[in-house]
Amino acid sequence: MPAFFRHLSEVLYRVLECVGVSPLVVERRRRTFLQREAAWDVKVQRNEHFHFGSQSEGTTTPGLQSDTDMLWTDYDVNIMYSWADWQQGKLNYLMVRDVDTPPQHYLLQWIRSDVPLPVTHTDDPDYFTDSQGRVFYSSIAIVRMGAAIWGDKHMRHGPSNSPSEDSDHVQAFHCKTLPPEVMSWFTKMQQGFWPSRETLQAARMCPCFLVPDGCHGSVNENIEWRMTPNLIERLLMFSLNMVQVQCLVVLKFMKKEEFVKHIHCQNCKFTTFNCKTALFFTLNRTSPTVWTKCRLIECIVRCLQTILEFLNQGKCPHFIVEGVDLFDGKLCRECQLRLERAIQGMIQDDMHVLFHLKCDDLGQRLMALPHEVQSYSGDDVNAGICGKLARDLFQQYSSYAIIVCSKLCNNVEVDVITSLNNEINILESLVVNASATQFDKNYIKFIVKSLMSVKASVTSSSCIESGLPLPQEIWQLYGESLDTDVASSKLKLASMHYCQGDLRQAESILNEVEFDLDDSVQPVCGCGRGPCNERLSKAFCEYTVQNCSHEQLTKKLAFCVRFLREEKFCAPRFLWCEMFRAVGDDVDHRDFVQHLWMDWAEVDARPFLLYLQYLTYRGLGVRHRQLEAFHRLEDIVTSADKVTQLYHPETATNLAGHCCELENEVQEALGAYNASLRCFPRNNAANWHKQRLELFMNNTN
């Protein structure tokens, strides 16, 4: 290897750290996605969810724009490798392979749930009956299911059925036992430098899955299911050191920008999984002493040489499953030869290709003088990634809270308080479960506190409506729920005091929230729609680098304030219209997530703080503070930079319009409602406010 590779390797290592491939960020990515998995599994206890791919492995950067891959499996379905695996009362499928079934693929034969015998007849379109009378579950049934759930947003990529381009959702079936083609891999791995014995031992405990992805060009493509050892692959990725992780990231950069230039056929592609496979084979045959910071370039070259072997042979073998060609149906022979010549040129040119990589400005940073590289710490990039991971995690938690509340509200068999009590008791019992991880407990505690806040507010609302005094338990519930974040639960408590007529107590709480709600606090909402101009607070991102525990993060988060219809007497009356925002056929224009929350009032914390301050100081007769709150609220909804950072800009603008009405600024109020409708013409309470105000103006004239 050229002598300058050593110095260039150290510079490249530093540059990659600066663009987010650092020990801190890789560990934070893995930790965050494991937390997200735990939250899913607590919420949906009959399923298990896993995150795979670059985001969860820590092998991505902002420039790579990797999507999020999630696989979920239903344990109510029993996958049988042999008849001994049959279970009574369950939906049973037997894994079947015929002589013409491609490697890594299986057919799923439907087996009866009452006796261990095959189903021999069905009219269900999700099943296919072959000439032997065997009934197989079709893999495209999952596609139809995804289309039914996501509607116009449905997208299919291989086995994935997703509502957006930036996420892949894969429904899979859990294999009870490891298939023989995976078991043979453990024997084969006794030779070689990698994986370690400890890693292999842990891998034996990892299940495999069947995903709805038939072999391209197979006669049974629509009823074939691909067996995938995702968890074993993820375990292998988690065992990598930082040099090995960075090596894979550079291969991805090259695949994204350079390899694609030499693949001219429309349907051909060299995939990220091909890069990962090359890394695995290279690790297996290369001494651990090679994988060091000062030999990073050499490691990249070794991986490229492995890719050259694949291209020269015209076959990319699967690292775990024998007999699989990962080029089959993905990369034609002509494109393989083109790519082979290109990679040979890159190696012969002493890897100057690295200086031309544009992703994350890698080439430009490499060409910088050494002292300039050293002076660039990459703190902003790493902090930004940590901040986004933290925000996304709690945004997911918030969305789960919406789902739980929606489920409880729609339970017609019992009242909301009883439903809340039952759900809280169930969740609290899970905390003491011996199998519950710390990740499980973090999520459960968050949801329990959120439900306690709802319970306190629902009970208070009922008492206020009936003119009854609040029971003592209310204050305990409020107290236990106030630290879900810095604002939302406290604002609901302040709103309750305002609605009860206790303006001084409301003022005190609002002042406390105003003090805590500084520039380091990040707004979060799980409503399914993000701000038009989302921007993470720099102070929040910097905070998350050093503070990543749940308790620490909640001190810098502000969830949107949510009032269910059952809580309406704890909300200002003007907000009640938000709970009945639909006009005409508006309900038909809600997506799956919007159906969960659009019959409630949802408002960003900061605008609601100012609106509640306006009402409170109006009631107290403190005119200068009242006007101060009004003008600050006006500033938010009239500033393009600020209003586009809100999750619910239409509601905030409606609140500003109401303040204008109370100030007898009728035309300004009408202008606010029109601005709100320009933002969201449908499912917007501004339609009611505008009609009411226009009727008032006509009667006045």
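The values are calculated or read from the model by the stated rules, or taken from the named source; none is laboratory data. Computed from a predicted structure; not experimentally measured. Every residue, glycine among them, receives a Cβ derived from its backbone with ideal geometry; neighbour counts consider all protein chains shown. These accessible areas exclude ligands, DNA and RNA; they are computed on the full protein's heavy atoms, side chains included. Shrake-Rupley method; radii C 1.70, N 1.55, O 1.52, S 1.80 Å.
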**Prompt:** Checking THR272 against (1) open to solvent by less than 20 Å² (accessible area, probe 1.4 Å); (2) closer than 22 Å to ARG285 by Cα; (3) of a type in the set (Val, Ile, Thr), which single condition isn't satisfied?
**Reply:** (1)
**Message:** For LEU493, only one of the following conditions fails: (1) open to solvent by less than 10 Å² (accessible area, probe 1.4 Å); (2) touching a Phe, Trp or Tyr at 6+ places or on another chain (Cβ under 7 Å); (3) over 20 Å from ASP599 (Cα atoms). What is its number?
**Reply:** (1)
**Message:** So, in segment 601-630, exactly how many residues are farther than 15 Å from GLU514 by Cα and either in contact with a Cys (Cβ under 8 Å, 6 or more places away or on another chain) or open to solvent by 30 Å² or more (accessible area, probe 1.4 Å) (or both)?
**Reply:** 10
**Fill in**
Expected single match for modelled with pLDDT under 95, over 29 Å from VAL587 (Cβ atoms) and not β-branched (Val, Ile, Thr) among ASP641, ASP635 is ASP641
**Request:** Would you be able to say whether some residue in segment 419-442 is in contact with a helix residue (DSSP H, G or I) (Cβ under 7 Å, 6 or more places away or on another chain), crowded, with 21+ Cβ neighbours inside 10 Å and of a type in the set (Val, Ile, Thr)?
**Result:** no
**Prompt:** Using beta carbons and a limit of 8 Å, which pairs, at least six apart or on different chains, have the first residue in segment 250-272 and free of Cβ contacts under 8 Å to residues at least 60 places away in the same chain and the second one crowded, with 17+ Cβ neighbours inside 10 Å and of a type in the set (A, V, I, L, M)?
**Reply:** LEU251/ALA278; LEU251/LEU279; LEU251/ILE300; LEU251/LEU304; THR271/LEU326
**Request:** Kindly indicate whether MET254 is modelled with pLDDT of 95 or more, more than 28 Å from ARG338 (Cβ to Cβ) and open to solvent by less than 10 Å² (accessible area, probe 1.4 Å).
**Result:** no
**Asked** Is there any pair linking a residue in segment 429-453 that is closer than 13 Å to GLN35 by Cβ and in a helix (DSSP H, G or I) to one that is modelled with pLDDT of 85 or more and among the hydroxyl-bearing types (Ser, Thr, Tyr), with Cβ under 6 Å and at least six apart or on different chains, and which?
**Response** PHE446/TYR397
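Return the total of residues in segment 674-701 being without any contact (Cβ under 8 Å) to a residue 40 or more places away in the chain and either open to solvent by 30 Å² or more (accessible area, probe 1.4 Å) or in contact with a Leu (Cβ under 7 Å, 6 or more places away or on another chain) (or both). Lay out the reasoning, then the answer.
To start, the set of residues in segment 674-701 that are without any contact (Cβ under 8 Å) to a residue 40 or more places away in the chain comprises 674-681, 686, 690-701.
So of that shortlist, the ones also either open to solvent by 30 Å² or more (accessible area, probe 1.4 Å) or in contact with a Leu (Cβ under 7 Å, 6 or more places away or on another chain) (or both) come out as 674-675, 678-681, 686, 690-701.
So the count comes out to 19.
Can you pull out the residues in segment 192-226 that are among the charged types (D, E, K, R), open to solvent by less than 50 Å² (accessible area, probe 1.4 Å) and part of a loop (DSSP other than H, G, I, E, B)?
Of all residues in segment 192-226, those among the charged types (D, E, K, R) come to 197-198, 204, 213, 221, 224, 226.
Among the residues that remain, those that are also open to solvent by less than 50 Å² (accessible area, probe 1.4 Å) are: 213, 224.
If the condition is that a residue be among the charged types (D, E, K, R), open to solvent by less than 50 Å² (accessible area, probe 1.4 Å) and part of a loop (DSSP other than H, G, I, E, B), then ASP213 is the only one that fits.
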**Prompt:** So which residues in segment 33-72 are open to solvent by less than 10 Å² (accessible area, probe 1.4 Å) and polar (S, T, N, Q)?
**Reply:** GLN35, SER56, THR59, THR60, THR61
**Prompt:** If you scan segment 640-662, which residues turn out to be of a type outside the set (A, V, I, L, M, F, W, C) and open to solvent by 30 Å² or more (accessible area, probe 1.4 Å)?
**Reply:** ASP641, LYS642, THR644, GLN645, HIS658, GLU661
**Asked** Could you give every pair whose Cβ atoms fall below 8 Å, whose first residue belongs to segment 495-521 and is under 17 Å from SER537 (Cα atoms), and whose second residue is of a type in the set (Lys, Arg) and in a helix (DSSP H, G or I), counting only separations of at least 6 or pairs across chains?
**Response** LEU517/ARG606; SER520/LYS556; VAL521/LYS556
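Need a quick list: helices (runs of 4 or more DSSP H) entirely within segment 643-701 having at least 2 residues that are among the β-branched types (Val, Ile, Thr) and within 20 Å of ARG562 (Cβ to Cβ). Before the answer, list the steps.
Working: elements: 649-662, 666-679, 686-700.
Counting at least 2 such residues, we get 649-662.
Residues are listed down the side, and each one gets a yes or a no for (1) assigned to a loop (DSSP other than H, G, I, E, B); (2) surrounded by 15 or more Cβ atoms within 10 Å (Cβ to Cβ):
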position: GLU514; (1), (2): no, yes
position: GLY526; (1), (2): yes, yes
position: GLY530; (1), (2): yes, no
position: GLU534; (1), (2): yes, no
position: VAL545; (1), (2): no, yes
position: PHE569; (1), (2): no, yes
position: VAL583; (1), (2): yes, yes
position: ASP591; (1), (2): yes, yes
**Request:** Please find, within segment 73-87, the residue that is nearest to HIS51 (Cα to Cα) out of those that are open to solvent by 60 Å² or more (accessible area, probe 1.4 Å) and in contact (Cβ under 8 Å) with a residue 40 or more places away in the chain.
**Result:** TYR75
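Among the residues of segment 103-144, count how many are free of Cβ contacts under 8 Å to residues at least 60 places away in the same chain and open to solvent by 10 Å² or more (accessible area, probe 1.4 Å).
Here is the first cut: in segment 103-144, the residues free of Cβ contacts under 8 Å to residues at least 60 places away in the same chain are 109-127, 129-135, 144.
Then keep just the ones that are open to solvent by 10 Å² or more (accessible area, probe 1.4 Å); that gives 109-110, 112-127, 129-134, 144.
So the count comes out to 25.
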**Item:** Breaking point among (1) open to solvent by less than 50 Å² (accessible area, probe 1.4 Å); (2) touching a residue at least 24 places away in the same chain (Cβ under 8 Å), for LYS538
**Value:** (1)
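So for segment 355-362 (the condition being of a type in the set (D, E, K, R) and part of a loop (DSSP other than H, G, I, E, B)), does at least one residue qualify?
Kept after step one, since they are of a type in the set (D, E, K, R), are these residues of segment 355-362: 358, 360-361.
From the residues that got through so far, the ones that are part of a loop (DSSP other than H, G, I, E, B) too are 358.
Within segment 355-362, one or more residues are of a type in the set (D, E, K, R) and part of a loop (DSSP other than H, G, I, E, B).
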**Message:** Please verify whether PHE280 is of a type in the set (A, V, I, L, M, F, W, C) and open to solvent by 30 Å² or more (accessible area, probe 1.4 Å), treating the condition exactly as stated.
**Reply:** no
**Fill in**
The one condition GLU340 fails out of (1) in a loop (DSSP other than H, G, I, E, B); (2) at negative phi; (3) surrounded by fewer than 20 Cβ atoms within 10 Å (Cβ to Cβ) is (1)
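From the set of residues in segment 159-191 that are open to solvent by 50 Å² or more (accessible area, probe 1.4 Å) and more than 27 Å from LEU108 (Cα to Cα), which is modelled with the lowest pLDDT?
Here is the first cut: in segment 159-191, the ones open to solvent by 50 Å² or more (accessible area, probe 1.4 Å) are 165-166, 176-177, 180, 183-184, 187-188, 190-191.
Those still in the list that are more than 27 Å from LEU108 (Cα to Cα) too: 165-166, 187-188, 190-191.
On the way: GLU165: 66, ASP166: 70, THR187: 90, LYS188: 89, GLN190: 83, GLN191: 85.
Only one residue fits best here, namely GLU165.
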